[in-house]
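Below is one structure, written out as structure tokens; comments come after it.
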2 protein chains.
Amino acid sequence: MLTVTILGSGNLATHLFKALNASEEVIINQWYSRNPKTIKAFEKTVNIISDINDLEEADVYFTAISDDAIAAFTEKLPFKDRLVVHCSGNVPMSALSPKNKRGVFYPLQTFSKERATDFNVIPICIEAEDQEHLILLKKIGSKISSTVHEINTEQRKALHLAAVFINNFVNHLYHIGHEICDVNQVPFHILKPIIEETTKKIMDLNPIDAQTGPAKRNDRNTIENHINNLEQHLPDYTAIYKTLTSSILNTYGREKL
Amino acid sequence: MLTVTILGSGNLATHLFKALNASEEVIINQWYSRNPKTIKAFEKTVNIISDINDLEEADVYFTAISDDAIAAFTEKLPFKDRLVVHCSGNVPMSALSPKNKRGVFYPLQTFSKERATDFNVIPICIEAEDQEHLILLKKIGSKISSTVHEINTEQRKALHLAAVFINNFVNHLYHIGHEICDVNQVPFHILKPIIEETTKKIMDLNPIDAQTGPAKRNDRNTIENHINNLEQHLPDYTAIYKTLTSSILNTYGREKL
């Protein structure tokens with residue numbers, strides 16, 4: 001049996017709690033939050049504490065707090081030589097206080113409070129200072145997910161950056177599509193099949209081979225029409241249209257806008 | 001029974017041929033291409049012609065050719081007062097020659113030669129000059145798709161522009177994600193679950209509520225790290241990162257970069 005403690009109570013901490021708590025081979029002995037009201041709903045399921053001096057021994061401490069706070073918070077922990085991991089994509093393992101054994105347990109997914117997440121399909125990226133702790137993290141990862149990858153700090157930063165493009169920026173493009181529909185009184189849901197197909201396509205094809213559209217075809221008339229349309233109705237998005245179109249043109253060896 | 005003729009032999013024409021040909025209630029009496037070699041594979045299934053003077057009577061003529069050629073090509077057709085439609089998102093119905101009855105039959109999807117497409121889930125956007133022909137197009141649309149929408153020229157242009165954002169640009173962001181992975185020797189497939197979740201999320205949530213990430217959180221440290229990383233490894237994509245980040249910051253009432 002593995003004993004773990006969760007430190008923090010945001011979106012990620014809550015999703016991680018639920019996933020670990022659902023595993024029969026993991027015991028969550030404590031959940032720390034400096035603001036325990038936010039996780040009061042779980043008080044019958046787990047021992048919630050708000051003072052780090054009450055922390056008991058565990059095999060792994062999961063620090064699921066904001067990136068900027070990881071270094072100072074882990075420095076304040078009232079014990080040493082135990083395994084303390086953070087769960088962030090963009091923070092090096094070395095940001096953790098060296099007084100404990102360090103590791104990373106990064107679930108590569110977008111978590112919203114509003115939406116349940118099936119942890120089983122989420123890739124877990126792990127890193128540790130030695131083989132023993134790497135094996136331990138792999139073991140815990142495999143209790144909640146079907147894919148666990150050993151990923152070093154540089155690679156994890158790259159994945160985090162790539163995720164900004166393929167998740168955060170993609171979602172913002174969906175938002176812009178929604179705005180264009182609203183302005184022209186067309187229901188956004190008409191676009192949902194093409195949104196789904198766009199994703200399905202790159203499950204089999206390399207994105208560079210899946211590209212279509214006016215920039216790929218170097219169809220300058222259509223591009224000009226689109227820019228005029230945006231300038232008239234949604235000028236805030238003209239810069240995004242131009243920058244992305246230029247980048248596609250450049251990718252396929254055409255002259256930029 | 002409805003008799004139709006297809007004019008053109010590109011990606012869209014070929015997908016449209018396959019979908020219409022699969023319907024038992026539609027007869028494709030002729031398929032015109034000025035370059036019939038490209039569709040030689042279908043010569044046993046349909047009567048392929050390369051001279052517009054050989055065109056016979058049909059209930060609908062589908063003009064699936066490049067946007068710029070639609071006006072001149074339909075002007076040259078050797079008949080009048082029949083129903084001639086184009087299949088383009090970005091061309092007004094009025095671009096068709098007025099000597100025939102005009103209409104639009106626009107399947108809102110991304111078509112690739114490499115990939116079969118299930119027409120049944122593709123929204124068909126139709127437009128016509130009168131009620132009689134609108135009903136006819138609706139009837140044909142419903143033979144090959146479960147959703148047919150009556151959409152005017154302005155709305156169709158908006159959908160086409162929105163599709164550039166939610167398909168063409170999204171796919172380019174996938175390409176950039178792939179490049180970031182390549183440069184850092186991480187397999188791109190690790191990102192596929194988050195790509196899928198990004199799409200699934202907005203099937204239920206409004207994109208503005210589904211947004212996550214450093215720009216949404218106004219996390220300037222992470223943004224700065226990302227920009228430095230790109231400038232060092234993939235400077236071509238720095239402008240896209242900055243433009244999209246500024247737009248997200250602006251959407252959530254924060255100061256732009």
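The values are calculated or read from the model by the stated rules, or taken from the named source; none is laboratory data. Bear in mind the structure is a predicted one, so any value in this text is a computation, not a measurement. All Cβ positions, even for glycine, are placed from backbone atoms using ideal geometry, and neighbour counts span all protein chains on display.
Take the conditions (1) of a type in the set (Val, Ile, Thr); (2) within 7 Å of another protein chain (Cβ to nearest Cβ); (3) touching a helix residue (DSSP H, G or I) at 6+ places or on another chain (Cβ under 6 Å); B:Ile190 misses just one of them, which is (3). A Cβ distance below 7 Å, combined with a sequence gap of six or more or placement on separate chains, defines the contacts here; from segment B:220-244, residues that are assigned by TED's automatic domain parsing to the domain that holds B:Tyr174 and under 13 Å from A:Ala162 (Cα atoms) reach residues that are surrounded by fewer than 18 Cβ atoms within 10 Å (Cβ to Cβ) and of a type in the set (S, T, N, Q) in the pairs B:Ile227/B:Thr238; B:Leu230/B:Thr238.
Could you go through segment B:204-215 and let me know if any residue there is in contact (Cβ under 8 Å) with a residue 60 or more places away in the chain, part of a helix (DSSP H, G or I), at the interface with chain A (Cβ under 7 Å from one of its Cβ atoms) and surrounded by 20 or more Cβ atoms within 10 Å (Cβ to Cβ). Looking for residues that are in contact (Cβ under 8 Å) with a residue 60 or more places away in the chain, part of a helix (DSSP H, G or I), at the interface with chain A (Cβ under 7 Å from one of its Cβ atoms) and surrounded by 20 or more Cβ atoms within 10 Å (Cβ to Cβ), one finds none in segment B:204-215, hence no. Return yes when A:Asn184 is over 24 Å from the mean Cα position of the chain (by Cα), over 26 Å from A:Gly253 (Cβ atoms), outside the structural domain of A:Ala19 (by TED's automatic domain parsing) and of a type outside the set (A, V, I, L, M) and no when it is not. When the stated conditions are applied, A:Asn184 passes them. Of the residues making up segment B:179-190, those that are touching a residue at least 12 places away in the same chain (Cβ under 8 Å), part of a helix (DSSP H, G or I) and crowded, with 19+ Cβ neighbours inside 10 Å number 2.
For segment B:6-46, which residues satisfy the criterion of being assigned to a loop (DSSP other than H, G, I, E, B), more than 20 Å from B:Leu83 (Cα to Cα) and touching a strand residue (DSSP E or B) at 6+ places or on another chain (Cβ under 8 Å)? Correct list: B:Val46 only.
Just need a number here: residues in segment B:95-119 that are under 27 Å from B:Ala22 (Cα atoms) and not in a strand (DSSP E or B). First the steps, then the outcome.
Looking only at segment B:95-119, we keep the residues that are under 27 Å from B:Ala22 (Cα atoms), and these are B:101-119.
Within this subset, residues satisfying the condition of being not in a strand (DSSP E or B) are B:108-119.
Adding up the residues that qualify gives 12.
Annotation note: Cβ proximity below 9 Å between a residue of segment A:102-131 that is facing chain B (nearest Cβ under 7 Å) and crowded, with 16+ Cβ neighbours inside 10 Å and a residue that is in a strand (DSSP E or B) and among the hydrophobic types (A, V, I, L, M, F, W, C) (sequence gap 6+ or interchain) occurs for A:Leu108/A:Ile124; A:Leu108/A:Cys125; A:Pro123/A:Val148.
Each residue in segment B:32-59 was checked for being under 13 Å from B:Thr5 (Cβ atoms), surrounded by 12 or more Cβ atoms within 10 Å (Cβ to Cβ) and free of Cβ contacts under 8 Å to residues at least 60 places away in the same chain, and 9 pass.
Quick one: in segment B:83-94, of everything that is hydrophobic (A, V, I, L, M, F, W, C) and part of a loop (DSSP other than H, G, I, E, B), which residue is surrounded by the fewest Cβ atoms within 10 Å (Cβ to Cβ)? Only one residue tops the list, namely B:Cys87. Restricting attention to segment A:60-77, does a residue exist that is in the same structural domain as A:Glu132 (by TED's automatic domain parsing), surrounded by fewer than 16 Cβ atoms within 10 Å (Cβ to Cβ) and among the hydroxyl-bearing types (Ser, Thr, Tyr)? Looking through segment A:60-77, at least one residue is in the same structural domain as A:Glu132 (by TED's automatic domain parsing), surrounded by fewer than 16 Cβ atoms within 10 Å (Cβ to Cβ) and among the hydroxyl-bearing types (Ser, Thr, Tyr).
Per-residue answers, yes or no, for (1) surrounded by 24 or more Cβ atoms within 10 Å (Cβ to Cβ); (2) within 7 Å of chain B (Cβ to nearest Cβ); (3) touching a Pro at 6+ places or on another chain (Cβ under 9 Å):
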position: A:Asn152; (1), (2), (3): no, no, no
position: A:Gln155; (1), (2), (3): no, yes, no
position: A:Val170; (1), (2), (3): yes, yes, no
position: A:Leu173; (1), (2), (3): yes, yes, yes
position: A:Gly177; (1), (2), (3): yes, yes, yes
position: A:Ile194; (1), (2), (3): no, yes, yes
position: A:Glu197; (1), (2), (3): no, yes, no
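Each residue in segment B:132-150 was checked for being buried (at least 19 other Cβ atoms within 10 Å of the Cβ) and within 24 Å of B:Pro98 (Cα to Cα), and 6 pass.
Criterion first (assigned by TED's automatic domain parsing to the domain that holds A:Gly141 and either surrounded by fewer than 17 Cβ atoms within 10 Å (Cβ to Cβ) or more than 24 Å from A:Thr153 (Cβ to Cβ) (or both)) does A:Lys80 satisfy it? Even if it seems obvious, please write down each step before you answer.
Values: assigned by TED's automatic domain parsing to the domain that holds A:Gly141: yes; either surrounded by fewer than 17 Cβ atoms within 10 Å (Cβ to Cβ) or more than 24 Å from A:Thr153 (Cβ to Cβ) (or both): yes.
Judged against the criteria, A:Lys80 is a match.
Would it be correct to say that A:Ile166 is touching a helix residue (DSSP H, G or I) at 6+ places or on another chain (Cβ under 9 Å), surrounded by 15 or more Cβ atoms within 10 Å (Cβ to Cβ) and at the interface with chain B (Cβ under 7 Å from one of its Cβ atoms)? So that I can check it myself, show each step before the final result.
Values: touching a helix residue (DSSP H, G or I) at 6+ places or on another chain (Cβ under 9 Å): yes; surrounded by 15 or more Cβ atoms within 10 Å (Cβ to Cβ): yes; at the interface with chain B (Cβ under 7 Å from one of its Cβ atoms): yes.
Yes; evaluated as a whole, the condition is true for this residue.
Evaluated against (1) closer than 22 Å to B:Glu196 by Cβ; (2) at pLDDT below 95, A:Phe165 falls short on exactly one condition, (2). Take segment A:133-156 and flag every residue that is within 16 Å of the chain's Cα centre (by Cα) and assigned to a loop (DSSP other than H, G, I, E, B). Within segment A:133-156, A:Ser145, A:Thr147, A:Ile151 qualify.
Hey, does segment A:218-234 have a residue that's outside any helix (DSSP H, G or I), closer than 22 Å to B:Thr147 by Cβ and either at the interface with chain B (Cβ under 8 Å from one of its Cβ atoms) or of a type in the set (A, V, I, L, M) (or both)?
Taking segment A:218-234 first, the residues outside any helix (DSSP H, G or I) are A:218-219, A:234.
Still in the running and closer than 22 Å to B:Thr147 by Cβ: none.
Checked segment A:218-234: no residue is outside any helix (DSSP H, G or I), closer than 22 Å to B:Thr147 by Cβ and either at the interface with chain B (Cβ under 8 Å from one of its Cβ atoms) or of a type in the set (A, V, I, L, M) (or both).
Among the conditions (1) under 19 Å from A:Ile176 (Cβ atoms); (2) in contact with a strand residue (DSSP E or B) (Cβ under 8 Å, 6 or more places away or on another chain); (3) hydroxyl-bearing (Ser, Thr, Tyr), the only one that B:Ser94 does not satisfy is (1). Residues of segment B:13-22 include at least one that is farther than 23 Å from B:Asn152 by Cα and exposed (fewer than 14 other Cβ atoms within 10 Å of the Cβ).
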